[in-house]
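Okay, so here's the structure we're looking at.
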Amino acid sequence: MIKGCLTERRINKKVLEDMYRDGFLYATFGEYFRRSHGYEIFKVPMNAEFTCPNWDGRLSNKGCIYCPNLAKQFTYESFRRVIGDGLRAQLKDQVAYYKNKGAGDKGLVYLAFGTNTYKPVDELKEIFDLALNHPDVVGLSIGTRPDCLPKEVLNLLGGYVKEGYEIWLELGQQSVHYHTTNRINRQHGLSESINAVNEARKRGILTLIFLIFGLPYETPQEVIETAKVVSQMNVDAVKLYPCLVMKDTRLAKDYSNGKYRPISRREYIKTIVDFLENVSPHMLIQRISKDCGLDGKIVPNWNTHRFIVGPEVEKIMELRNTRQGSKYNIGLDVEELSPLS
Ligand code: SF4
């Protein structure tokens, strides 16, 4: 567990600067944790059967256009093994699975499917307490919508931070541009994420923002703007995915009707590099591609595994002689403000 006052729980810039000095081109999450915590951390994905207000009719009953509603499908083999045995068995099974695989020393329980703060606060407490009571678990990483974080839930999470647990909120935002969030039926805009990040920060909760590249009608230039906006929001980490067309989604219909063209491998690599160059050097990059939960993928038909995407991204960055944040710049330098002659 992490000791110290809440303000010490921000990302440690000195660790990141050492990483860049040692040749890292971007701030990888795993390496940062090794250096800052002194042990290997692994994420333990769990399905606590949360629904989502974008599926259950509260906001809409259609979901985001790319969402296959995985919480209802139990896609992963490990989840199938423990269905019916309850959450405790799932936790035990998942932690043992990742430890036996040699994934790391301590686990961060990742509540991954659906909107994982969308239950009454006493039910949330039961789930979170259960996870945090496992001897190999040091914290939680909670995937949720930025508009599903009432004060009681934030206070509950802030309480765990005070006890010394590592608490992350993984906020689905996908794009900072309203025309995109509207087009993909997120049913929220950017202001909800700004509020969630600010409220989390007050309580020492770390924040990560999910972003998807290749969304309908979004341009590469808009992705650069997204990099700058999330940097100015002072989020602690981002997770970057290509837009996947999954079976039984509305995006699959758009694709089969010729209304949506998936992002190519070349476009995706270039977009990731542009994003990394234009994002703050003090933000962690947890993922740069998608390599699990691909069972129902239709397209893109290239291999999105991080072991394929990662080296290609680094190759382009080396060719361009850049690293994370090398183009991150908000506003003009003072010298540049003098009138043009
Ligand atoms: S907010 Fe998440 S769970 Fe809900 S519909 Fe969108 S992608 Fe699916």
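The values are calculated or read from the model by the stated rules, or taken from the named source; none is laboratory data. These numbers were taken from a predicted model, which means no experiment stands behind them. Because the Cβ atoms are built from the backbone with ideal geometry, glycine has one as well, and the counts that use them run over all protein chains shown. Calculation scope for accessible area: heavy atoms of the full protein, side chains included, ligands and nucleic acids excluded. Shrake-Rupley method; radii C 1.70, N 1.55, O 1.52, S 1.80 Å.
For segment 99-115, a tally of residues being away from the ligand (no atom under 16 Å from the Cβ), open to solvent by less than 60 Å² (accessible area, probe 1.4 Å) and not in a loop (DSSP other than H, G, I, E, B) returns 3. It is to be established whether one or more residues within segment 163-176 are under 25 Å from Asn301 (Cα atoms) and open to solvent by 10 Å² or more (accessible area, probe 1.4 Å). Within segment 163-176, one or more residues are under 25 Å from Asn301 (Cα atoms) and open to solvent by 10 Å² or more (accessible area, probe 1.4 Å). Of note, Gly258 does not satisfy the criterion of being surrounded by fewer than 20 Cβ atoms within 10 Å (Cβ to Cβ) and within 20 Å of the chain's Cα centre (by Cα). Considering only residues of segment 71-85 that are open to solvent by less than 40 Å² (accessible area, probe 1.4 Å) and assigned to a helix (DSSP H, G or I), which is modelled with the lowest pLDDT? Per the stated criteria, the residue is Ser78. May I ask you to verify whether Glu218 is charged (D, E, K, R), surrounded by fewer than 19 Cβ atoms within 10 Å (Cβ to Cβ) and touching a residue at least 40 places away in the same chain (Cβ under 8 Å)? Criteria not met by Glu218. If you check Asp129, Asp93 for being among the charged types (D, E, K, R), modelled with pLDDT under 95, surrounded by fewer than 20 Cβ atoms within 10 Å (Cβ to Cβ) and away from the ligand (no atom under 16 Å from the Cβ), only one passes: Asp93.
Which ones in segment 42-53 are under 16 Å from the mean Cα position of the chain (by Cα) and either assigned to a loop (DSSP other than H, G, I, E, B) or not aromatic (Phe, Trp, Tyr) (or both)? Give the derivation first.
Keep residues of segment 42-53 that are under 16 Å from the mean Cα position of the chain (by Cα), which gives 42-46.
Within segment 42-53, Lys43, Val44, Pro45, Met46 meet the criteria.
When the criteria are applied in full, Glu170 fails the requirement of being part of a helix (DSSP H, G or I) and of a type in the set (D, E, K, R). Do you know which of the residues in segment 18-41 that are free of Cβ contacts under 8 Å to residues at least 12 places away in the same chain and assigned to a helix (DSSP H, G or I) is surrounded by the most Cβ atoms within 10 Å (Cβ to Cβ)? Per the stated criteria, the residue is Phe33.
Can you tell me which residue in segment 135-149 is surrounded by the most Cβ atoms within 10 Å (Cβ to Cβ), limited to those that are touching a residue at least 12 places away in the same chain (Cβ under 8 Å) and more than 16 Å from the ligand (Cβ to nearest atom)? Working first, answer last.
We begin by selecting, within segment 135-149, every residue touching a residue at least 12 places away in the same chain (Cβ under 8 Å); these are 136-149.
Now drop any that are not more than 16 Å from the ligand (Cβ to nearest atom), which leaves 136-140.
Working: Asp136: 17, Val137: 19, Val138: 19, Gly139: 22, Leu140: 25.
That would be Leu140.
Residues checked against (1) touching a helix residue (DSSP H, G or I) at 6+ places or on another chain (Cβ under 7 Å); (2) within 13 Å of the ligand (Cβ to nearest atom); (3) open to solvent by less than 10 Å² (accessible area, probe 1.4 Å); (4) not acidic (Asp, Glu):
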residue: Asn133; (1), (2), (3), (4): no, no, no, yes
residue: Val153; (1), (2), (3), (4): yes, no, yes, yes
residue: Tyr178; (1), (2), (3), (4): no, no, no, yes
residue: Thr181; (1), (2), (3), (4): no, yes, yes, yes
residue: Ile184; (1), (2), (3), (4): no, yes, yes, yes
residue: Glu199; (1), (2), (3), (4): yes, no, no, no
residue: Ile212; (1), (2), (3), (4): no, yes, no, yes
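Determine if segment 263-280 includes at least one residue that is open to solvent by less than 40 Å² (accessible area, probe 1.4 Å), touching a Pro at 6+ places or on another chain (Cβ under 6 Å) and under 30 Å from Asn61 (Cβ atoms). Yes, segment 263-280 contains at least one residue that is open to solvent by less than 40 Å² (accessible area, probe 1.4 Å), touching a Pro at 6+ places or on another chain (Cβ under 6 Å) and under 30 Å from Asn61 (Cβ atoms).
Here Val44 meets the list (1) within 16 Å of the ligand (Cβ to nearest atom); (2) surrounded by 19 or more Cβ atoms within 10 Å (Cβ to Cβ); (3) at pLDDT 85 or above almost entirely, failing just condition (1).
Of everything in segment 47-58 that's on the phi < 0 side of the Ramachandran plot and more than 9 Å from the ligand (Cβ to nearest atom), which residue is most open to solvent (accessible area, probe 1.4 Å)? Spell out the reasoning first.
Looking only at segment 47-58, we keep the residues that are on the phi < 0 side of the Ramachandran plot, and these are 47-48, 50-56, 58.
Among the residues that remain, those that are also more than 9 Å from the ligand (Cβ to nearest atom) are: 47-48, 56, 58.
Numbers: Asn47: 4, Ala48: 12, Asp56: 75, Arg58: 177 Å².
In this case the residue turns out to be Arg58.
Go through the residues of segment 326-340 one by one and say whether even a single one is open to solvent by less than 70 Å² (accessible area, probe 1.4 Å), under 23 Å from the mean Cα position of the chain (by Cα) and closer than 18 Å to Phe210 by Cβ. Looking for residues that are open to solvent by less than 70 Å² (accessible area, probe 1.4 Å), under 23 Å from the mean Cα position of the chain (by Cα) and closer than 18 Å to Phe210 by Cβ, one finds none in segment 326-340, hence no.
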